[in-house]
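Read through the structure below, which is laid out as structure tokens, and then see the notes.
The values are calculated or read from the model by the stated rules, or taken from the named source; none is laboratory data. Given the structure is predicted, the values throughout are model-derived calculations rather than measurements. Here the Cβ positions follow ideal geometry from the backbone for every residue, glycine too, while neighbour counts run over all protein chains shown. All accessible areas refer to the heavy atoms of the entire protein, side chains included, with ligands and DNA or RNA removed. Shrake-Rupley method; radii C 1.70, N 1.55, O 1.52, S 1.80 Å.
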Amino acid sequence: MNDIYNDVTDKGYAKPSFTSNLSISYHFDISKTDFAFTAYVMNLFSVNHVRYVFQYWEDGNNRQYPRQVGFINEPRSFGFRLTAKF
């Protein structure tokens with residue numbers, strides 16, 4: 001139990017976290033149709049932004065105690081979106 005607690009606190013659990021996203025949009029009209037082109041970046045800057053996955057024992061009274069913890073660092077994501085309104 002102490003090992004799990006130490007792993008979680010070392011990764012930044014219960015500390016302030018920060019993440020930022022950025023997007024840029026361009027709107028244009030073509031014959032009564034409004035188009036919007038958007039480019040975005042998710043998790044551009046992040047501090048202590050880690051997701052936690054806890055696995056618990058499956059037998060009897062041990063279900064209340066975690067047996068293992070996993071950490072998921074969210075990657076930086078890039079993308080584009082094109083929307084049209086008629």
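Odds and ends about this structure:
- Inter-residue pairs, beta-carbon under 6 Å, first of a type outside the set (S, T, N, Q) and in region 63-86, second modelled with pLDDT of 95 or more and open to solvent by 60 Å² or more (accessible area, probe 1.4 Å), 6+ apart: GLY79/TYR40; LEU82/PHE37
- Subset of region 62-86 that is modelled with pLDDT of 90 or more and open to solvent by less than 100 Å² (accessible area, probe 1.4 Å) - its residue that is nearest to the chain's Cα centre (by Cα): SER77
- Summed over region 1-50, residues that are within 18 Å of ILE72 (Cβ to Cβ), of a type in the set (Ser, Thr, Tyr) and open to solvent by 100 Å² or more (accessible area, probe 1.4 Å) total 1.
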